[in-house]
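Step one of this worksheet: look at the structure below.
The values are calculated or read from the model by the stated rules, or taken from the named source; none is laboratory data. Keep in mind that what you see is a predicted model, and the values were worked out from it rather than measured. Cβ placement follows ideal geometry from the backbone for every residue including glycine, while neighbour counts extend to all protein chains displayed. The area values use the complete protein model at the heavy-atom level, side chains included, leaving out ligands, DNA and RNA. Shrake-Rupley method; radii C 1.70, N 1.55, O 1.52, S 1.80 Å.
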Amino acid sequence: MTTAKTPGTALQAMRDAAPLVQCITNYVAMNIAANVMLAAGASPAMVHTEEEAGEFAAIAGALTVNIGTLSPDFLNGMRVSARAAAEAGRPWVLDPVAHYATAFRRDAVAELMALRPTIIRGNASEIIALAGGQSAGRGVDSGDVVERAEGAAVMLARRHGAVVAATGAIDFVTDGTQAVRIEGGSPLMPQVTALGCSLTCLVGAFAAVEPEAPFAAAVAALACFAVAGERAGRDAAGPGSFGWRFLDALSVLDAHGLDAEARITIAAV
Amino acid sequence: MTTAKTPGTALQAMRDAAPLVQCITNYVAMNIAANVMLAAGASPAMVHTEEEAGEFAAIAGALTVNIGTLSPDFLNGMRVSARAAAEAGRPWVLDPVAHYATAFRRDAVAELMALRPTIIRGNASEIIALAGGQSAGRGVDSGDVVERAEGAAVMLARRHGAVVAATGAIDFVTDGTQAVRIEGGSPLMPQVTALGCSLTCLVGAFAAVEPEAPFAAAVAALACFAVAGERAGRDAAGPGSFGWRFLDALSVLDAHGLDAEARITIAAV
Amino acid sequence: MTTAKTPGTALQAMRDAAPLVQCITNYVAMNIAANVMLAAGASPAMVHTEEEAGEFAAIAGALTVNIGTLSPDFLNGMRVSARAAAEAGRPWVLDPVAHYATAFRRDAVAELMALRPTIIRGNASEIIALAGGQSAGRGVDSGDVVERAEGAAVMLARRHGAVVAATGAIDFVTDGTQAVRIEGGSPLMPQVTALGCSLTCLVGAFAAVEPEAPFAAAVAALACFAVAGERAGRDAAGPGSFGWRFLDALSVLDAHGLDAEARITIAAV
């Protein structure tokens with residue numbers, strides 16, 4: 001690890017703080033994302049409407065924005081929240097779900113990128129397309145492996161001064177000057193909807209507690225998913241039994257277990 | 001118990017009637033609340049839009065209103081529904097989620113309170129703040145124990161002529177002239193999102209069947225959660241396995257088991 | 001079977017294609033419907049807003065429209081999507097949830113019916129009411145058995161040139177010239193919210209792969225639910241444990257098992 005704190009230390013600090021995180025996410029993810037946050041020890045608040053989202057962003061420790069079921073109303077809430085988070089000096093995380101699929105999404109993400117997200121989390125196709133490359137993404141599913149997205153992630157990180165996390169079978173996280181790969185998880189995870197969206201929220205929880213160290217925050221959150229996913233996958237017989245086992249695994253994961261089982265390797269940038 | 005019917009009798013009556021309940025709730029709660037209602041034996045209908053919510057409220061046995069992911073559109077639906085329920089003489093239940101967090105919520109709840117909810121269900125911080133006190137609430141989580149909210153609950157009940165249920169580790173229910181405490185549940189319950197919101201819907205189901213006895217209705221619904229939660233918690237290994245066990249426990253709970261295991265004690269008012 | 005392909009062959013073809021399906025469904029169903037689709041092997045995308053729904057419908061293999069938590073904004077998205085699907089020659093499936101309950105729903109469904117859905121899936125009360133009959137439906141629950149809806153289904157199919165699937169304890173599917181009944185499932189299924197809505201999405205997945213054979217597509221999708229539901233019901237202790245077992249059962253269902261266990265009989269029309 002290139003960061004002073006281990007993921008386990010970061011997990012313990014996040015649990016001790018139980019950070020309030022404003023999550024503007026999609027309708028599919030709302031419930032599972034909130035349950036992931038609670039299982040991990042954070043305090044999620046799904047607050048999206050323009051009339052209060054900006055006010056709330058100023059009291060939350062971090063903001064996460066996910067465009068999965070985007071509409072103009074939600075986009076208005078995202079705008080004011082991202083601005084309020086930036087003004088309050090709070091980190092915010094962008095999840096550009098299938099931004100390449102329609103003009104509405106492309107324009108929305110271009111506008112949100114201009115508001116300077118602290119961290120960007122997406123699948124390989126989303127990261128490649130965000131860097132201007134040709135992705136094989138179709139709908140909300142990635143058509144690319146993360147390995148193909150590593151260059152795009154580094155380019156994006158440098159261009160936008162953000163941490164970029166491309167997640168998949170092997171995750172890749174970079175801030176443009178350093179990078180790691182994280183192995184783990186389970187082949188069942190893509191069969192459970194909105195786990196990536198939920199991970200975006202959890203990245204926000206870690207970033208809330210370590211606002212000055214977004215790279216370490218993203219790595220710690222992804223490591224939690226990798227280890228809890230691996231544990232849950234061992235006993236699951238399918239995506240249904242994986243879902244609840246994953247929440248159980250997140251809730252009992254501790255600093256020692258996380259550091260012992262996380263498989264994080266430094267990558268060249 | 002200060003009511004003629006036991007919670008078990010009320011549960012049996014609710015199941016026999018399978019009341020149609022209009023639930024205007026938040027995006028996080030929609031699915032789990034509907035599943036809780038079905039497991040308990042009620043018939044939920046999530047109908048919120050202004051164009052039909054009032055018409056629907058007139059045919060439903062009760063209405064429940066929860067401001068968890070409030071927006072102006074939903075608020076319009078809440079207004080017309082609460083008015084229609086009142087005009088039709090149907091009970092309605094208000095769940096003022098985190099109403100202290102933003103001006104938008106505070107104003108919305110003030111307006112909804114003026115429409116005279118039959119029953120108010122909230123966590124301790126919400127009840128304290130609703131009575132004008134200083135709560136330690138943050139985001140959607142209570143920062144106070146229910147014991148601190150008992151005085152506020154009695155004050156609210158008297159001021160508004162409503163039944164008030166403050167729920168937490170030990171619940172407190174009052175109509176201003178009588179009160180009970182209900183013990184049970186599981187420490188895992190706050191780790192599962194939207195169980196409180198789901199309980200609000202179930203309170204509506206009991207109130208639909210006993211519109212003249214909202215105090216007994218609220219007590220019976222809370223007793224169901226306390227007993228089913230206690231049973232589910234015994235075998236759960238975390239919030240994930242608690243979630244489905246809780247639904248199973250609700251579905252097999254019967255009048256005899258409820259009356260045998262409910263721990264309800266009379267409190268001074 | 002009156003179709004050349006067996007349900008098992010259709011399932012294998014659907015899995016091999018992993019069709020992208022645009023699902024405009026209700027808030028209650030969003031998560032479970034996406035999980036059902038992923039478990040079965042399809043690729044769902046919940047895209048509803050007018051600003052992009054039409055554009056997306058032109059790239060998806062099929063569209064499904066469900067009016068469960070209808071609002072004017074969603075209705076706008078449904079309109080443009082149904083038109084775009086029709087123009088692109090893609091099948092689309094209508095789920096007229098509780099359309100008899102309010103004027104807003106009745107009008108919306110009349111308008112959507114005029115856009116000529118390829119397949120209509122509903123419970124018995126919805127199908128009876130859609131054909132102009134007097135249903136015993138109340139809220140979102142059917143008050144009628146499917147047997148009573150068979151004549152209405154045939155009439156609807158002939159009048160609108162659509163496949164009609166009336167689902168319940170014994171399903172009935174017809175295109176007006178042929179019909180089958182499908183037995184299976186579990187008495188626990190009506191206790192789990194939004195399984196019918198999820199089935200509508202799965203019908204869309206099969207129709208995407210067999211756009212010229214919507215009758216066979218609907219039969220195959222319903223057969224998957226019947227067999228997976230029957231298997232899941234064997235070990236479930238209630239609706240909670242049924243829910244995840246059903247997803248597991250869908251994910252391991254294969255062509256051989258489906259054809260061996262599906263109980264499909266030809267019915268007179």
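Restricting segment C:49-68 to residues that are at the interface with chain A (Cβ under 10 Å from one of its Cβ atoms) and touching a Phe, Trp or Tyr at 6+ places or on another chain (Cβ under 8 Å), which is nearest to C:Ala33 (Cα to Cα)?
The qualifying residue nearest to C:Ala33 (Cα to Cα) is C:Thr49.
Quick check: is even one residue across segment C:187-199 within 17 Å of C:Ala162 (Cβ to Cβ), at pLDDT 95 or above, open to solvent by less than 20 Å² (accessible area, probe 1.4 Å) and part of a helix (DSSP H, G or I)?
yes
When segment C:110-138 is examined, which residues are found to be crowded, with 24+ Cβ neighbours inside 10 Å and under 23 Å from B:Thr49 (Cβ atoms)?
C:Pro117, C:Ile120, C:Arg121, C:Gly122, C:Asn123, C:Ser125, C:Glu126, C:Ala129, C:Leu130
Determine whether segment B:151-166 contains at least one residue that is within 14 Å of another protein chain (Cβ to nearest Cβ), over 16 Å from the mean Cα position of the chain (by Cα) and either open to solvent by less than 40 Å² (accessible area, probe 1.4 Å) or at pLDDT below 95 (or both).
no
For the subset of segment A:206-215 comprising residues that are assigned to a helix (DSSP H, G or I) and out of contact with any Pro (no Cβ under 7 Å at 6 or more places or on another chain), which member is nearest to the other protein chains (Cβ to nearest Cβ)?
A:Phe206
At least 3 residues that are surrounded by 23 or more Cβ atoms within 10 Å (Cβ to Cβ) in each: list the strands (runs of 3 or more DSSP E) lying fully within segment A:1-95 that qualify.
Here the list reads A:20-24, A:62-66, A:92-95.
Against the conditions (1) touching an Asp or Glu at 6+ places or on another chain (Cβ under 8 Å); (2) more than 30 Å from A:Gly41 (Cα to Cα); (3) open to solvent by 20 Å² or more (accessible area, probe 1.4 Å), where does B:Ala260 fall short? Just the number, please.
Result: B:Ala260 passes all but (1).
Could you list all residues from segment A:73-123 that are aromatic (Phe, Trp, Tyr) and within 23 Å of A:Ala166 (Cα to Cα)?
Passing the criteria: A:Trp92, A:Tyr100, A:Phe104.
Here are the criteria: (1) at the interface with chain A (Cβ under 9 Å from one of its Cβ atoms); (2) within 19 Å of the chain's Cα centre (by Cα); (3) closer than 25 Å to C:Ala220 by Cα. Tell me which single one C:Tyr27 does not satisfy.
C:Tyr27 satisfies every listed condition except (3).
Name the pairs whose Cβ atoms lie under 9 Å apart, with the first residue in segment B:181-205 and within 11 Å of chain A (Cβ to nearest Cβ), the second of a type in the set (D, E, K, R) and open to solvent by 30 Å² or more (accessible area, probe 1.4 Å), and 6 or more positions between them or separate chains?
Pairs that qualify, where the first residue is within 11 Å of chain A (Cβ to nearest Cβ) and the partner is of a type in the set (D, E, K, R) and open to solvent by 30 Å² or more (accessible area, probe 1.4 Å), are B:Pro190/B:Asp141.
Just checking, which of C:Thr118, C:Thr49 is of a type in the set (Ser, Thr, Tyr) and over 16 Å from the mean Cα position of the chain (by Cα)?
C:Thr49
Can you find a residue that is more than 14 Å from every other protein chain (Cβ to nearest Cβ) and under 18 Å from C:Ala218 (Cα atoms) anywhere in segment C:129-143?
no
I'm trying to understand the selection: among the residues of segment B:84-103, which are within 14 Å of chain A (Cβ to nearest Cβ) and among the β-branched types (Val, Ile, Thr)?
B:Val97, B:Thr102
If I go through segment B:216-247 residue by residue, how many of them are out of contact with any Leu (no Cβ under 9 Å at 6 or more places or on another chain), surrounded by fewer than 24 Cβ atoms within 10 Å (Cβ to Cβ) and in a helix (DSSP H, G or I)?
3
When you check B:Leu188 against the structure, is it more than 16 Å from B:Pro7 (Cα to Cα) and either among the aromatic types (Phe, Trp, Tyr) or in contact with a Phe, Trp or Tyr (Cβ under 6 Å, 6 or more places away or on another chain) (or both), yes or no?
yes
Could you check A:Asp175 against (1) under 17 Å from the mean Cα position of the chain (by Cα); (2) more than 29 Å from A:Asp73 (Cα to Cα); (3) open to solvent by 50 Å² or more (accessible area, probe 1.4 Å) and say which number it fails?
In the conditions (1) under 17 Å from the mean Cα position of the chain (by Cα); (2) more than 29 Å from A:Asp73 (Cα to Cα); (3) open to solvent by 50 Å² or more (accessible area, probe 1.4 Å), A:Asp175 misses (3) alone.
Going through segment A:96-149 one residue at a time, which ones are touching a residue at least 40 places away in the same chain (Cβ under 8 Å) and either hydroxyl-bearing (Ser, Thr, Tyr) or assigned to a loop (DSSP other than H, G, I, E, B) (or both)?
Within segment A:96-149, A:Val97, A:Ala98, A:Arg116, A:Pro117, A:Thr118, A:Gly139, A:Val140 qualify.
Does segment B:225-236 include one or more residues that are away from chain A (no Cβ under 14 Å), touching a residue at least 12 places away in the same chain (Cβ under 8 Å) and closer than 28 Å to B:Ile59 by Cα?
yes
A quick yes/no check of all residues on (1) in contact with a Gly (Cβ under 9 Å, 6 or more places away or on another chain); (2) among the charged types (D, E, K, R); (3) at negative phi:
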| site | (1), (2), (3) |
| --- | --- |
| B:Arg106 | no, yes, yes |
| B:Gly137 | yes, no, yes |
| B:Leu156 | yes, no, yes |
| B:Thr177 | no, no, yes |
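Name every residue in segment A:119-145 that is at pLDDT below 95 and touching a helix residue (DSSP H, G or I) at 6+ places or on another chain (Cβ under 7 Å), in order of residue number.
The answer is A:Gly133, A:Ser135, A:Ala136, A:Gly137, A:Ser142, A:Gly143, A:Asp144, A:Val145.
Go through segment A:248-257 and give me each residue that's touching a helix residue (DSSP H, G or I) at 6+ places or on another chain (Cβ under 7 Å), within 14 Å of chain B (Cβ to nearest Cβ) and open to solvent by 20 Å² or more (accessible area, probe 1.4 Å).
Within segment A:248-257, just A:Ser251 meets the criteria.
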